[in-house]
Each structure stands twice: as structure tokens, then as C-alpha cells.
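To start, the structure itself, in C-alpha cells.
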Amino acid sequence: MQFSLGIDAGGTYTDVILVRDSDGSVLSSSKALTTYPDLIIGIRNAIDNIEQEYLEKVSLVSVSTTLATNTVLEGTGSPIALVLVGDHPLEGDFPAEHVILVDGGHDFNGEETVSLEVEKVRDFAKKVKNDVAAFAVSSFFSIRNPEHENTIRDIVHELTGMPVVCGHELSQDLGAYERAVTAALNAQLLPISDHFIKSVMEEVERRNIDAKLLMLKCDGTVVGLKDALEKPVESIFSGPAASLVGASYLSGCETCAVIDVGGTSTDVSAVYDGVPELTDAGATVGNWRTRVRATRMETSAMGGDSHVWTCSRKIHIGPRRVIPLCVAAVRYPNFVKKLKNSASPSRHTLDRNIQPTKFFMRSGFKAFGLERSEAAVFEAIGDEPMSLGEIESVSKSYPSSVVLDSLIHKRLIQPVGFTPTDALHVLGDYGRWKTEASMIGAEKLARLNKMDKLKFCFRIKDMVAKNMAFNLMTFVLQGVDHSGIKKIVDGQFPARFKMDVPVVLLGGPVSALCEELSKVIDAEIVVPEHAEVGNAAGALFGKGIKRIEIFIRPVSIADPGEGYLAFSPLGREEFQTYSEAVAFSENLGEKMILEYMGDCGVSKENLEIKITSKTFSPEDWKHDPIETKMMVVGIGYPKNLRKH
């Protein structure tokens, strides 16, 4: 009997799920805190908490992670150099330390317009090679002919030995700027992703698990190790994709809306007939527009570990994530005593950092380039949570909120505070951590708002549920004014929204929020078994889907008899007749699908290949089509896992 292991390293928690292949049943699951900066420690802790006797029989390990997303958002990718070729638009920034524009490029038919400036490329590579970890190349119309990108790749690799990413390898869509950004981000992620994947491989080998390793992409599909190492940018937003796939599998709903309440955020998305809904445009990560296709989603910075704070008798949730008081109390034995004895700041000084329930500790990241005021506060903070008063007694001055903000932004200190998770502990809806700390924190914040702690926590619970409802309806009602949706969600009208598809909830204590959510949304609300590790299930049950786009057009529209061109991810081919171009394209697409699926561990028996074509010709055109867009799609499962 064989088993499969799903792993999701999220922003706050790392989830693991163990499934029996014969019937798709979940045998064991666990959660552990995600560890920074080394994610593998959290993964190891989560695996340690599942039933160990099955691990030696695991033959498939599939992983999803927020590593790529967080790296791009935080700007902590490896330094890279970008080579732009041809009539590239230079307006706007590029995520690269060094950028150069050289002559070259092709036209829409893949014909060379200008010869490539080879010597300029050589000089650039020699000049910057000691300052970067990788290179990216994007040539104008490389999707029609990648010759110049391939030439630069070979030159740079020969001169530097470093990895080189080509734009045509990542996207066949038009859009020179976005393709260049995508290539640059992928180059940034290569060293980081390489370290993570190899660490996972080492952990699997350390446990004597002889298994194939797969990674989840942001469109809800899985990729083999080769693609995961070469194209880490495609794992951006794989978290929401994992929640979609996991929700569909665990609930048995092929079509549903999904609300995933994580530690850091709440994500809303949808799956139709078992396939995640994708964006029409490429994913936007931070300020970067890419050509990476991802799941369409609505997200907000309000999760189970979002900071609850008060100011001017108003209650705020987020946007920052903190370690919940109840979690800190378990990890640090003296924390409850510190929390009881911490003094309440004056009301007029309250802000998101100055709170009676706010503590700070070092994160483990190395400090460099600090201002004098930042260094004084950072040096005063230790490895365990410290109150503002304790920091003041060491640094000899009260830490300003500006300095604390800066240290948090640089990821040098980790805040601890009251959260929705603490509120649920107080109300008895959740009890995984130490409730005593949550009670003390609720009492302190409730007093500032002139209410008792239970009323205060019910208010938090209501705010979280209404945020879930608002995100759901803004996702569903595209183009509808958000202010009107908010008024209905807030109960300003005697009306509520109705959903015609099930709404599946994922996340730790989401069952505690069903009643509040149903007051705002009329829907079948489903909380499946193992909802707390839904993303790990999604990592495991993602389908292997590969799409190959091939374009066919005449060499000359004026004289179709000159032959036809076929543009594929591998380059440009010329044929005498249209039928020859079509036959070649179908065979090439199928061959590429079979090779890719082989890397993903998908057998031919579990693989279906579909070929569709869209053609365009003017009304009075009497020849073969002016343009044919062929899509070859392979769909399969790495293992024939099904719920029986």
C-alpha cells in the first residue's frame, strides 16, 4: 500500500497531510508554525507530528509555498542583470540591479529586423558578473523567434557560468514589458528556490522516503522538479491556488466559492468543474505586472493572526500580522506574567505599535545599515517578547512608533499582540493555545473601549465574518461599486446576499465563524473535514495540466503560396503547405505534453490530451486561414488519487 504527502508552507502556518492512495482517505494531518528565515524547520516540525510509520511508504510528495510571493513582495530576491533586445519599451522600472538595451529583435513573422549586438552583450556580462547571481533576457518578438534570446543565453552562460532566464521560455503571450519583468523576477528567484527545493529533497531523503517531488503552481496545477527549479516565478500565489484545489477535493464540490482564512490574510476565489478560475491578465505581484497566469482572487490583510488594536475608542484589525498572545504564552513560559504586569500607555499615545498588549522580539534576520535610533532600539530587544516599558528601561528612551515601524518593515523584529485567534480563545470557540493570555489581553483592550471582554471579542468575531462576506461579494460582483456592497454587508439595509453555489471555508477555526457569516450571506456554507489543512490537500491534489500554444500564419499575406510559419515555444518552423504546418504543430504539441507529464509522474493511462484551434480570415479570403491559434492541453493526475 502506498501513500502521498502534501505540504503547504504558508505565511503563518505550515500544514502537512498524509493520504492513502487506494481510496484517497486522509490518514493524518498536522500544523506547525512557519519558520523564518529557514522554512524547512517548520516543514520538519509539521512532518514530525504525523503518523511516522507510513512515511517509508510515501511515493509522492507535493509542495506549495509562499516563498516566491513573499520574496517578490519584500524585495529580497537575488541581484540580477537584465538584457533587453530590440524595440523594448524602457518606460517604467524593472526588477533588476543592472539593465542594458542592445540592438536586435524580430518582427511579427519572426524575421530578424536588426542584427544582434553580440560584443555589447559580451562586455556587459563581463562588467556585471561579480555583482549578480543570475541574468534575464527579453527580446522583442522572441515569442515569434527566440534566436537572439538563445544566443545571449549561450554567450552569458559561457562567460559567467551563471543561470540565464529567457522570456520566451516563460510566456508565449504578447507584451514585451510584462514578459521582461516575468523573466527578471524568475531570475531573482532561482537561487532562493533552488535552496528551498534542495532542502525539501534533503529532508525527504533524510527520512528515507523514496518519492517523486512535485510543486504547485499559481494556476492550481502541479509541475515536476525540473520545471519547479527552472521556473520558480510560476509558484507565485500558489497559496490561493492550493486552497481552491484543496477545498474542492475535501468538500466534494466541483463548483464552489472558497474563503480561505489564513494567519495573514483572507483569500476568496472560485473553482468551476474542478478547475480554478484564472485571471485574464497576468498576475500582479507588489507593483510588478507579469505574464504569469494565476487564479483570480480577492484578498484582504485580515487573518487569524492579524493585529487587533485600539485607538480613539475604535477597534482595528490588521493589516499587520503578529504572534497571537495565546501562542506566545505557550512558547515563552514567562510571557503571561509579563502580560499581566505590562503598564497601559496613555490613551493619547495609542497607535498600532503603542498598545497595552503589544510586545516585540528579534526575528532572527541579520541587521545591517541601521540608523542610530533604530540600532538603539534593536540592540535593546531580545529573543523573547519585551514590552515597551522593558525596551525603554534597556535603551534609556521610549521607542517611537516610527522606529518600530522601520524595524518591522526590515523584518528585524517580530511583534506579538492580540488577534482574532485570541478572541476565539476567549469565547471558547478555539482552544489550541493558552487561553489565559488571551483573557488578559482582551480585558486590557476591552477596558480601553469601555466594554467587557466578551462583548469586545464578539465584536472582533463579527468584524472578521463581515470582512469574509465583503471579500466574497466583491469577488462575485465584479464591476459593482464596493461602497454599496459594504452597506449591505454592514446591515444598513433590510437585505442580504444570496449565493447559488456552495461557499467552502478553509482555515483553522473557520467553523466558529459560520453563524456570523450566515447572517450576512444566504448560502450553503460548507466546512469540510480537515479544513484546517486545506492548502496541504490542495498541494497534493493539483492536476497536472500543461498548455502548449502554437500559432500558424502565412509567410506572406500577399502571396499565401509562399508557405506557412508555425511559432511554438521551441521556435519557428517553415512549411510549404498549411496542412503540413498543422500536422507538425499537433505532433509537436502532443510530444511536448507527453515529455512534461512524464516529468510530473503522470502515466499515459491517467492523461488526456485535447487539441483545439481558432482561425481567423477576412470575409473575402479564399485561402487557408490567415492565422490559426492552436491550443494543445494535457490533463492528468500524478497519481490516480480519488475520494471513494
Can you tell me which residues in the stretch 303-322 are crowded, with 24+ Cβ neighbours inside 10 Å and of a type in the set (A, V, I, L, M)? VAL308, VAL322
For GLY589, are the conditions met, namely being on the phi > 0 side of the Ramachandran plot, out of contact with any His (no Cβ under 8 Å at 6 or more places or on another chain) and at pLDDT 90 or above? no
So, in the stretch 26-55, of the ones that are farther than 25 Å from VAL330 by Cα and in contact with an Asp or Glu (Cβ under 8 Å, 6 or more places away or on another chain), which residue ends up surrounded by the most Cβ atoms within 10 Å (Cβ to Cβ)? VAL26
When residues of the stretch 232-259 are limited to those that are outside any helix (DSSP H, G or I) and modelled with pLDDT under 70, the one farthest from ALA136 (Cα to Cα): PHE237
Pull out all pairs, ordered by first then second residue, where Cβ-Cβ is under 6 Å, the residues are six or more apart or on different chains, the first lies in the stretch 588-609 and is hydroxyl-bearing (Ser, Thr, Tyr), and the second is outside any helix (DSSP H, G or I) and surrounded by 18 or more Cβ atoms within 10 Å (Cβ to Cβ). TYR596/LYS546
Tell me, which residue of the stretch 147-172 that is among the charged types (D, E, K, R) and closer than 20 Å to GLU119 by Cα is most open to solvent (accessible area, probe 1.4 Å)? GLU158
Which one of ARG372, ARG331, ARG362, ARG411 is touching a residue at least 60 places away in the same chain (Cβ under 8 Å) and open to solvent by 40 Å² or more (accessible area, probe 1.4 Å)? ARG411
With respect to the numbered conditions (1) small (Gly, Ala, Ser); (2) in contact with a Pro (Cβ under 8 Å, 6 or more places away or on another chain); (3) open to solvent by 50 Å² or more (accessible area, probe 1.4 Å), which one is the sole condition not fulfilled by SER613? (2)
Filter result (surrounded by 13 or more Cβ atoms within 10 Å (Cβ to Cβ) and without any contact (Cβ under 8 Å) to a residue 60 or more places away in the chain) within the stretch 471-483: MET473, LEU477
What number of residues in the stretch 241-273 are of a type in the set (Asp, Glu) and buried (at least 24 other Cβ atoms within 10 Å of the Cβ)? 2
Tally the residues that are buried (at least 23 other Cβ atoms within 10 Å of the Cβ), modelled with pLDDT of 85 or more and not in a helix (DSSP H, G or I), restricting the search to the stretch 525-565. 5
Take the stretch 410-435 and flag every residue that is part of a loop (DSSP other than H, G, I, E, B), touching a Pro at 6+ places or on another chain (Cβ under 8 Å) and either at pLDDT 95 or above or more than 20 Å from ASN334 (Cα to Cα) (or both). PHE418, THR419, ASP429, TYR430
Answer with yes or no whether THR577 is surrounded by fewer than 18 Cβ atoms within 10 Å (Cβ to Cβ) and either touching a strand residue (DSSP E or B) at 6+ places or on another chain (Cβ under 7 Å) or at pLDDT 90 or above (or both). yes
Of the residues in the stretch 1-25, those that are open to solvent by 30 Å² or more (accessible area, probe 1.4 Å) and either of a type outside the set (Ser, Thr, Tyr) or touching a Lys or Arg at 6+ places or on another chain (Cβ under 8 Å) (or both) number 6
Within the stretch 383-408, can you find the residues that are open to solvent by less than 20 Å² (accessible area, probe 1.4 Å), modelled with pLDDT of 90 or more and assigned to a loop (DSSP other than H, G, I, E, B)? PRO385
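Yes/no matrix, rows are residues, columns are (1) modelled with pLDDT of 75 or more; (2) open to solvent by less than 10 Å² (accessible area, probe 1.4 Å); (3) touching a helix residue (DSSP H, G or I) at 6+ places or on another chain (Cβ under 9 Å):
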site: LEU174; (1), (2), (3): no, no, no
site: ALA183; (1), (2), (3): yes, yes, yes
site: ASP194; (1), (2), (3): yes, no, yes
site: VAL200; (1), (2), (3): yes, yes, yes
site: ASN208; (1), (2), (3): yes, no, yes
site: ASP219; (1), (2), (3): no, no, yes
Filter result for SER62 (surrounded by fewer than 22 Cβ atoms within 10 Å (Cβ to Cβ) and either farther than 30 Å from ASP383 by Cβ or hydroxyl-bearing (Ser, Thr, Tyr) (or both)): no
Among residues of the stretch 448-463 being part of a helix (DSSP H, G or I) and in contact (Cβ under 8 Å) with a residue 60 or more places away in the chain, the residue surrounded by the fewest Cβ atoms within 10 Å (Cβ to Cβ) is ARG459
Cβ-Cβ under 6 Å, sequence separation 6+ or interchain: first residue in the stretch 387-405 and closer than 14 Å to THR349 by Cβ, partner open to solvent by 50 Å² or more (accessible area, probe 1.4 Å) and assigned to a helix (DSSP H, G or I). Which pairs? TYR398/GLU392
Residues that are touching a residue at least 40 places away in the same chain (Cβ under 8 Å), within 21 Å of the chain's Cα centre (by Cα) and in a helix (DSSP H, G or I), drawn from the stretch 45-75: LEU67, ALA68, THR69, ASN70, THR71, VAL72, LEU73, GLU74
May I ask you to list the residues in the stretch 495-514 that are open to solvent by 50 Å² or more (accessible area, probe 1.4 Å) and at pLDDT below 90? ALA495, ARG496, SER511
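Report, by residue number, each residue of the stretch 334-359 that is open to solvent by 40 Å² or more (accessible area, probe 1.4 Å) and among the β-branched types (Val, Ile, Thr).
Restricting attention to the stretch 334-359, the residues satisfying the condition of being open to solvent by 40 Å² or more (accessible area, probe 1.4 Å) are 334, 337-338, 340-341, 343-344, 346-349, 351-352.
Result: THR349, single match.
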Within the stretch 107-146, how many residues turn out to be surrounded by fewer than 17 Cβ atoms within 10 Å (Cβ to Cβ) and farther than 25 Å from GLY77 by Cα? 11
Restricting to the stretch 334-353, name every residue that is in contact (Cβ under 8 Å) with a residue 24 or more places away in the chain and closer than 22 Å to VAL403 by Cα. SER342, ALA343, SER344, PRO345, ARG347, LEU350, ASP351, ARG352, ASN353
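The values are calculated or read from the model by the stated rules, or taken from the named source; none is laboratory data. Note that the structure is predicted; figures quoted are calculated from it, not measured. No Cβ is skipped: glycine too gets one built from the backbone with ideal geometry, and neighbour counts run over all protein chains shown. All accessible areas refer to the heavy atoms of the entire protein, side chains included, with ligands and DNA or RNA removed. Shrake-Rupley method; radii C 1.70, N 1.55, O 1.52, S 1.80 Å.
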